[in-house]
1. Rolling a 1.4 Å sphere over the protein heavy atoms, what is the accessible area per residue of segment 23-178, to the nearest Å²?
2. Averaged across orientations, what area in nm² does the convex hull of the alpha carbons in segment 1-55 project?
3. Measure off, as a whole percent, the carbon and sulfur share of the 1.4 Å-probe accessible area of segment 35-108, all protein chains present.
4. Amide H neighbours of ARG49 under 5 Å, counting only residues 5+ apart in sequence or on other chains, H built in-plane at 1.01 Å?
5. Direction-averaged shadow area of the convex hull around the Cα atoms of segment 25-183, nm²?
6. Please name which of GLY125, TYR144, PRO71 has its Cα lying farthest along the dipole of segment 1-152 towards the positive end, using unit charges on Cβ (Lys, Arg +1; Asp, Glu -1) and the Cα centre as origin.
7. Set Lys and Arg Cβ to +1 and Asp and Glu Cβ to -1, take the dipole of segment 34-173 about its Cα centre, and tell me which of PHE169, VAL102, VAL40 lies farthest positive.
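The values are calculated or read from the model by the stated rules, or taken from the named source; none is laboratory data. Remember, predicted model here, so these are calculated numbers, not experimental data. Every residue, glycine among them, receives a Cβ derived from its backbone with ideal geometry; neighbour counts consider all protein chains shown. Heavy atoms of the whole protein, side chains included, go into the accessibility calculation; ligands, DNA and RNA do not. Shrake-Rupley method; radii C 1.70, N 1.55, O 1.52, S 1.80 Å.
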Amino acid sequence: MRFVLARHCQTNWNLEYRIQGHIDIILNDAGRSQAIDLGVKLRPFGITRIISSTLSRASETATLVAKNLNPESLSVPVHFDKRLRECCYGRLEGLTHKQVEVMHGKQWVIMDRTKRNFDFSSFGGENREEVKKRHLEFFNEVSYKYRWDTILLVGHGGSLSILLTALGFEPKIEQGNFMVIEV
């Protein structure tokens with residue numbers, strides 16, 4: 001089975017290094033342009049189904065990609081699943097990385113969530129195992145249910161990195177870009 005994993009495109013908060021988490025931020029104009037370009041880049045992969053996080057930055061990316069996968073036919077259907085949401089960072093959401101560092105020290109700076117066992121529960125958020133569990137549950141369900149499809153999953157940098165690491169892949173998906181995996 002083939003999965004194409006895409007990270008949502010640019011938001012203003014990405015430019016500000018602001019922690020988004022579960023806060024519902026929309027794409028900016030550059031992000032919308034990236035999503036249209038991403039749809040064109042993904043045309044050769046024969047995507048038959050798109051499943052996206054329910055957060056606006058991912059769902060808008062998925063919708064724009066779907067409209068641009070094949071301009072001569074109907075767009076690929078987009079489905080939404082809240083299990084694909086980004087990690088919840090609790091009270092850290094909305095703060096910049098610098099603000100978090102000043103308030104809580106360097107250990108809380110969120111740079112590479114794949115190489116450490118993070119836990120944001122003390123801030124009202126999630127820990128790494130919770131994010132991994134919901135993503136693997138989703139992935140296993142979709143792998144079984146749609147085993148003959150080529151599926152595009154549109155999600156978030158932190159949570160997709162956790163999923164990729166759990167599946168044994170290198171977690172390298174840049175914003176507005178994609179990675180193809182075979183399982």
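1. Dividing the accessible area of segment 23-178 by its residue count gives 50 Å².
2. Averaged projected hull area, Cα only: 4.5 nm².
3. Details: 2070 of 3680 Å².
On segment 35-108, the fraction of accessible area on carbon and sulfur atoms equals 56 percent.
4. THR150, LEU152
5. It is 9.5 nm².
6. Value: TYR144.
7. So the residue furthest toward the plus end is PHE169.
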